[in-house]
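Down below is the structure, laid out as structure tokens.
The values are calculated or read from the model by the stated rules, or taken from the named source; none is laboratory data. Everything numeric in this text was worked out from a predicted model, so none of it was measured. Every residue, glycine among them, receives a Cβ derived from its backbone with ideal geometry; neighbour counts consider all protein chains shown.
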Amino acid sequence: MNILIVDDSTIMRTVLKNTISKHADAANFNFFTAENGLLGLEVLKANTINIMFLDWNMPIMTGEELVYKMREDKSLNKVRIIMATTEGAKSQVVKMAKKGVNGYLVKPFNHDSVMKAFDAVYSRIPK
């Protein structure tokens, strides 16, 4: 299972990785990180990613822009996306759900909310 964390905050990338590393199946997880959407897109194109945590507001390419690019690309369209962002307005959540985002975490979050969002997406991936 390959997991990509795309966030411009080093701390957020570390927190998400450390939290998911405590999952019962973590021995089977490989982690990739990127600090903006453009670098995230490069990682996506070079690796088979199963789940991606994605921040919305980032320099160079936003999370929203990356979602649009992914959903237009048949080779990236199957990646499960969990938005991990401060953008919590209902209209924003609905907008991303319509674009195919599979889960949503509003910052600040805690261990339990991260695991709940992750498990909701992870449990739907065929093993």
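Observations on the structure shown:
- THR48 vs. criteria in contact (Cβ under 8 Å) with a residue 40 or more places away in the chain and surrounded by fewer than 17 Cβ atoms within 10 Å (Cβ to Cβ): yes
- Residues that are of a type in the set (Asp, Glu) and part of a loop (DSSP other than H, G, I, E, B) do occur in segment 67-75, at least one of them.
- LYS90 meets the stated requirement of being farther than 21 Å from ILE11 by Cβ and of a type outside the set (A, V, I, L, M, F, W, C).
- Yes/no for SER91 being in a helix (DSSP H, G or I) and over 25 Å from LYS127 (Cβ atoms): yes
- Identity of the residue in segment 67-82, of a type outside the set (D, E, K, R) and at pLDDT 90 or above, that ends up nearest to LYS107 (Cα to Cα): ILE82
- Filtering segment 16-34 to residues that are free of Cβ contacts under 8 Å to residues at least 24 places away in the same chain, hydrophobic (A, V, I, L, M, F, W, C) and either surrounded by 12 or more Cβ atoms within 10 Å (Cβ to Cβ) or in a helix (DSSP H, G or I) (or both) leaves ALA26, ALA27.
- Looking only at segment 57-95, and only at residues there that are touching a strand residue (DSSP E or B) at 6+ places or on another chain (Cβ under 6 Å) and crowded, with 22+ Cβ neighbours inside 10 Å, the one that is nearest to ASN36 (Cα to Cα): GLY63
- Those residues of segment 84-127 which are under 17 Å from LYS17 (Cβ atoms) and of a type in the set (A, V, I, L, M), in sequence order: ALA84, LEU105, VAL114, MET115, ALA117, VAL121
- Residues (over 17 Å from ASN2 (Cα atoms) and either assigned to a strand (DSSP E or B) or in contact with a strand residue (DSSP E or B) (Cβ under 9 Å, 6 or more places away or on another chain) (or both)) located in segment 38-56: ASP55, TRP56
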